[in-house]
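I have placed the structure first, in the form of structure tokens, so that the comments after it can refer back to it.
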Amino acid sequence: MFECALIQGELFRKLIASVQDLVQDGNFMCDANGISLQGMDSSHVALVALALKKEGFVEYRCDRDVTLGINFANLAKMLKCMGAKDRLSIRAQDEGDSASFVFESEDSSRVSNFELKLMQIDQEQLGVPETQYKAVIRMPSSEFQRICKDLSAIGDTVSISVTKEAVKFSVGGDIGSGDMSLRQSESGDVDGDDSEKVMIELEEPVQQNFALRYLNNFTKATALSKTVTLSLGTDMPLVTEYKMDNLGSIRYYLAPKIDE
Amino acid sequence: VDVQCDLFFFYNFR
């Protein structure tokens with residue numbers, strides 16, 4: 001038996017919305033520690049990895065490891081029926097062919113029950129090795145979203161270059177070119193919200209090119225976290241990570257474009 | 001010319 005409950009069901013809906021444009025279906029792997037999901041887009045350019053810790057749930061019980069094969073568009077249809085402040089419970093039998101989703105309003109005056117048919121998904125998992133990245137940038141997620149959206153009106157590819165002082169996003173297209181630089185926030189600045197700062201950890205300067213179409217896709221997760229972390233290396237996939245307070249994180253990996 | 005790499009170039013199936 002697998003059973004879990006989230007006070008903020010809305011978070012789960014946002015998570016599914018952050019995944020469903022990139023991958024159509026995937027396996028929720030549930031074990032005693034939490035839930036994980038990995039999926040690659042059909043062109044093998046981007047990978048999404050979700051890791052939810054059991055500590056983030058108000059209830060969590062997983063007697064035996066279970067794999068829930070889920071079509072995200074279908075799940076999203078059911079989650080659409082959930083109220084913004086509803087509590088969400090998910091239940092599945094060990095060998096069942098469906099999972100139940102229960103939405104309960106704050107005052108328990110409305111309870112909704114949905115059964116989602118599960119799929120058998122034959123999906124191999126990619127092994128992502130532990131990597132020491134050359135540059136790690138933490139910035140407001142809304143700022144990253146705005147940059148990706150605005151630059152994609154000008155070109156298809158963004159060049160991200162990082163120095164100790166700043167991270168620069170450059171774009172070029174038929175109409176011309178441009179760049180936007182974000183300076184590292186002053187470290188002595190004790191005032192203000194940490195989530196609004198730009199922090200750069202740098203081992204050595206790095207520059208890589210990426211398709212804006214995918215980055216724009218990743219920014220669907222902006223609603224999940226005030227900050228985003230970008231990890232870059234030379235000729236390495238970019239890791240874009242959104243951390244949710246104590247629930248876990250969603251990570252996107254994007255293969256670079258390489259000059260040939 | 002920018003060539004889009006794919007993830008299999010970097011990662012293998014587990």
Before rounding to the nearest 500, sum -39500 (n - 2.57) across all DSSP H runs of length at least 4 in chain A and divide by the residue total; then give [θ] at 222 nm in deg cm²/dmol.
-4000 deg cm²/dmol
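Using only alpha carbon positions, build the gyration tensor of the protein assembly as shown, then give the equivalent ellipsoid semi-axes as the square roots of 5 times its eigenvalues, largest first, whole angstrom.
Numbers: eigenvalues 243, 92, 58 Å².
Whole-Å semi-axes of the equivalent ellipsoid: 35, 21, 17.
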Would you pull out the residues with amide H under 5 Å of A:Ala166's amide H, same chain only if 5 or more places away, H placed 1.01 Å from N?
A:Gln184
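Would you mind checking A:Lys149/A:Lys226; A:Lys164/A:Lys197; A:Lys164/A:Lys226; A:Lys14/A:Lys257; A:Lys149/A:Lys220 for any pair whose Cα atoms are more than 20 angstrom apart? Don't skip to the end; give the middle numbers.
Details: A:Lys149/A:Lys226 17 Å; A:Lys164/A:Lys197 15 Å; A:Lys164/A:Lys226 23 Å; A:Lys14/A:Lys257 29 Å; A:Lys149/A:Lys220 11 Å.
Violating the 20 Å limit, Cα to Cα: A:Lys164/A:Lys226; A:Lys14/A:Lys257.
With a cut-off of 8 Å between alpha carbons and a minimum separation of six or more residues, what is the relative contact order of chain A in percent?
Values: 590 pairs, mean separation 53.4, N = 260.
Worked out over chain A, it gives 21 percent.
Which FRET efficiency value, to the nearest 0.05, do you get for A:Lys149 and A:Arg64 by plugging their Cβ-Cβ distance into 1/(1 + (r/R0)^6) with R0 = 35 Å?
Working: r = 43 Å, r/R0 = 1.24.
E(calc), rounded to 0.05, equals 0.20.
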For A:Asp94, the net charge from surrounding residues (Cβ-Cβ under 10 Å; K, R +1; D, E -1) works out to -2
Under a point-charge model restricted to the Cβ atoms of Lys and Arg (+1) and Asp and Glu (-1), what is the dipole moment magnitude of region A:143-260 relative to its Cα centre, in debye to the nearest 20?
460
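Let me check I've understood the local charge: for A:Asp63, count other residues with C-beta under 15 angstrom from its C-beta, Lys and Arg +1, Asp and Glu -1. What total comes out?
Details: positive: A:Lys54, A:Arg61, A:Arg64, A:Arg91; negative: A:Glu3, A:Asp31, A:Glu59, A:Asp65, A:Asp94, A:Glu95.
Result for the neighbourhood of A:Asp63: -2.
Here, each number is a calculation from the coordinates, and none is a lab measurement. Remember, it's a predicted structure, so these values are computed and weren't measured experimentally. We place every Cβ from the backbone using ideal geometry, glycine too, and count neighbours over all the protein chains shown.
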